[in-house]
Amino acid sequence: MATHQTRATARIMMSPAVILLFLWMIVPLVMTLYFSFLRYNLLMPGTEEFVGFLNYKYFLTDPSFFTALGNTLTLVGGTLLITVIGGILLALVLDQPFFGQGIVRLLVIAPFFVMPTVSALVWKNMLMHPVNGLFAWIARSFGFQPIDWFAEVPLFSIILIVAWQWLPFATLILLTALQSLDGEQIEAAEMDGAGALSRFFYLVLPHMSRAITVVILIQTIFLLSVFAEILVTTNGGPGIQTTNITYLIYAQALLQFDVGGASAGGIVAVILANIVAFFLIRLIGKNLER
Amino acid sequence: MARAISTRRKLTFSILGWAIGLLIFFPILWTFLTSFKTEGTAIATPPQFLFFDWTLENYHEVQARSNYMKHVTNSIVISVGSTLIGLALAIPAAWAMAFSPTKRTKDVLMWMLSTKMMPPVGVLVPLYLIFRDWGLLDTRLGLVAVLTMINLPIIVWMLYTYFKEIPGEILEAARMDGASLMKEIVYVLTPMAVPGIASTMLLNIILAWNEAFWTLNLSAANAAPLTAFIASYSSPEGLFWAKLSAASTMAIAPILIMGWFSQKQLVRGLTFGAVK
């Protein structure tokens, strides 16, 4: 059907988007790669020189890199655990018919639309404040000692905030998957005497497995780059207890002006993200073929 | 599916569903309520839920103390601007990929998706330096450019999945009737594509409005959108809860309402069509 002419037209129609996106990706990436082999500090202009893999050596052997890597993995893993399990349970509840279902759905997805700086500050100041916060009041009314969230469990506090933001995303996608489940299959299983639990584990969960994988992969991509929530609540502290890779590189670049070191870190972050991306791309690509 | 649902079961799930919904929504509700309190009532113990003297004071204060309207304008210009430019670039591209696909179309789509996987810190340093040298730091133009490129893959993908759903037979019928390519586009395809374009636009305005890596790193006083403005409340103004709440409520209310309208598209947009 596609003639020679329409094919040429198609190429022209695609080129602006493709060319711009290509430049956007390749130019900064090549620059980062180039800087990562230089000693280059903005505070000492004119002293740039080629240092080979020295920046990588410093970055990868710095103990704060391992702390940050650990924090990143904890942050991603913790958030995934809460959002995936919470999302499955919520999707199961929201899938049941009940009064005001539509409104509850809107309430549940609302946190996703709150900008990260707002949710972080509202949680930190108004809910988790050790003296006047709502959580402290609840703890005291039950006779417990209030937790000083950001001093005692800083990383967990950030996980809670981030999980609150991403729970709606997981719920919505899992609910969409759940709604495409064939009702007759469930009924048949029910008639054959399958209990609620075995229906869930043998029918519902396998049906949702693809959606769960999508949720995990997409969230991982975004969660590797959590930044604003850390910046406005803890600045990576106390110490470096809440510094993730993204924040570490940001600090190196824009607080210490170490262009070379930050670039090496950036390349490391790109490689880490690519490992996840590889699997996601394959999954979505498979879907495209069907 | 003719299954009788007992009223009791429905009631149980109503209570459970509403309890969970309100719990999740609570931080937003709390922010909204606090924005109408005085600073004294805001930190009162026990907390005041509904029966306090409602006041609009904080909304005045936020406007008076800071150049609030400037940040709102910045947010609007940046999110709408980047979305419109993104659409202008993406509509022809997605159109071509959906209606005259070649062997390489799939690879192009996957490649576009892969650019979205690049962590922003990977290109923070060069982009910061380019912006500094070109005088783009803390300008709306710079932020519009960055956000356009960030969301372009999502826009192309969403449009592609929408355009794909337009049946090819309609095109063939139009061609049989002797419609030219131009006529085909204007009279046949465009009306069918408008809903998809509209929801793509909506979702991307939301994403750009809430973007908080580049807006925080590349803007200061002048071009700061609401994300960066609210971040300035991190200390010590964060202690003024009522004002923080008023500023936050104004920053999230319009986009929350837009979000509610676009909830269906959210799934499609953010999973790149992997879940519909």
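The values are calculated or read from the model by the stated rules, or taken from the named source; none is laboratory data. From a predicted model like this one, the values you see are computed outputs, not experimental measurements. Methodologically, a virtual Cβ is constructed for each residue, glycine included, from the backbone with ideal geometry; neighbour enumeration extends over all protein chains shown.
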Output yes when any residue across the range A:164-173 is within 25 Å of B:Ser235 (Cβ to Cβ) and buried (at least 18 other Cβ atoms within 10 Å of the Cβ), and no when none is. yes
Where a residue in the range A:91-103 is in contact (Cβ under 8 Å) with a residue 24 or more places away in the chain and within 7 Å of another protein chain (Cβ to nearest Cβ) and its partner, wherever it lies, is part of a helix (DSSP H, G or I) and small (Gly, Ala, Ser), with Cβ under 9 Å and at least six apart: A:Leu94/B:Gly17; A:Leu94/B:Gly21
Which numbered condition trips up B:Ile76, out of (1) more than 8 Å from chain A (Cβ to nearest Cβ); (2) free of Cβ contacts under 8 Å to residues at least 12 places away in the same chain; (3) over 20 Å from the mean Cα position of the chain (by Cα)? (3)
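Take the conditions aromatic (Phe, Trp, Tyr), surrounded by fewer than 24 Cβ atoms within 10 Å (Cβ to Cβ) and more than 22 Å from B:Ser114 (Cβ to Cβ) and apply them to A:Phe227. Does it pass?
On the way: aromatic (Phe, Trp, Tyr): yes; surrounded by fewer than 24 Cβ atoms within 10 Å (Cβ to Cβ): yes; more than 22 Å from B:Ser114 (Cβ to Cβ): no.
So A:Phe227 does not fit the description; no.
Please pick out the residue among A:Leu224, A:Leu205, A:Leu254, A:Leu231 that is more than 9 Å from chain B (Cβ to nearest Cβ) and more than 21 Å from B:Thr161 (Cβ to Cβ). I'd like the intermediate steps shown before the answer.
Numbers: A:Leu224 fails: more than 9 Å from chain B (Cβ to nearest Cβ); A:Leu254 fails: more than 9 Å from chain B (Cβ to nearest Cβ); A:Leu231 fails: more than 9 Å from chain B (Cβ to nearest Cβ).
Result of the check over A:Leu224, A:Leu205, A:Leu254, A:Leu231: A:Leu205.
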Taking the range B:21-60 and keeping only residues that are farther than 26 Å from A:Val131 by Cα and crowded, with 19+ Cβ neighbours inside 10 Å, one is left with B:Gly21
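Listed residues A:Leu75, A:Leu29, A:Leu33, A:Leu43; which is in contact (Cβ under 8 Å) with a residue 40 or more places away in the chain, part of a helix (DSSP H, G or I), more than 10 Å from chain B (Cβ to nearest Cβ) and under 30 Å from A:Ser263 (Cβ atoms)? Spell out the reasoning first.
Numbers: A:Leu29 fails: more than 10 Å from chain B (Cβ to nearest Cβ); A:Leu33 fails: more than 10 Å from chain B (Cβ to nearest Cβ); A:Leu43 fails: part of a helix (DSSP H, G or I).
Answer to the check: A:Leu75.
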Please give the number of the condition A:Asn55 fails out of (1) at pLDDT 90 or above; (2) more than 9 Å from chain B (Cβ to nearest Cβ); (3) in contact with a helix residue (DSSP H, G or I) (Cβ under 7 Å, 6 or more places away or on another chain). (1)
Residue list for the range B:143-163, restricted to those being within 11 Å of another protein chain (Cβ to nearest Cβ) and either of a type in the set (Phe, Trp, Tyr) or touching a strand residue (DSSP E or B) at 6+ places or on another chain (Cβ under 7 Å) (or both): B:Trp157, B:Tyr160
Select from the range B:243-269 the residues that are of a type in the set (Val, Ile, Thr) and more than 7 Å from chain A (Cβ to nearest Cβ) and list them in ascending order. B:Thr249, B:Ile257
Restricting the range B:148-180 to residues that are among the charged types (D, E, K, R) and surrounded by 13 or more Cβ atoms within 10 Å (Cβ to Cβ), the residue that is nearest to B:Pro101 (Cα to Cα): B:Lys164
Residues of the range B:216-239 satisfying the condition of being within 9 Å of another protein chain (Cβ to nearest Cβ) and either touching an Asp or Glu at 6+ places or on another chain (Cβ under 7 Å) or part of a helix (DSSP H, G or I) (or both): B:Leu216, B:Asn217, B:Leu226, B:Thr227, B:Ala228, B:Phe229, B:Ile230, B:Ala231, B:Gly238, B:Leu239
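Going by what's in this entry, would B:Arg175 be described as basic (Lys, Arg), within 11 Å of chain A (Cβ to nearest Cβ) and either farther than 28 Å from A:Ala120 by Cα or touching a Leu at 6+ places or on another chain (Cβ under 6 Å) (or both)? Explain how you work it out, then say what you get.
Numbers: basic (Lys, Arg): yes; within 11 Å of chain A (Cβ to nearest Cβ): yes; either farther than 28 Å from A:Ala120 by Cα or touching a Leu at 6+ places or on another chain (Cβ under 6 Å) (or both): yes.
Judged against the criteria, B:Arg175 is a match.
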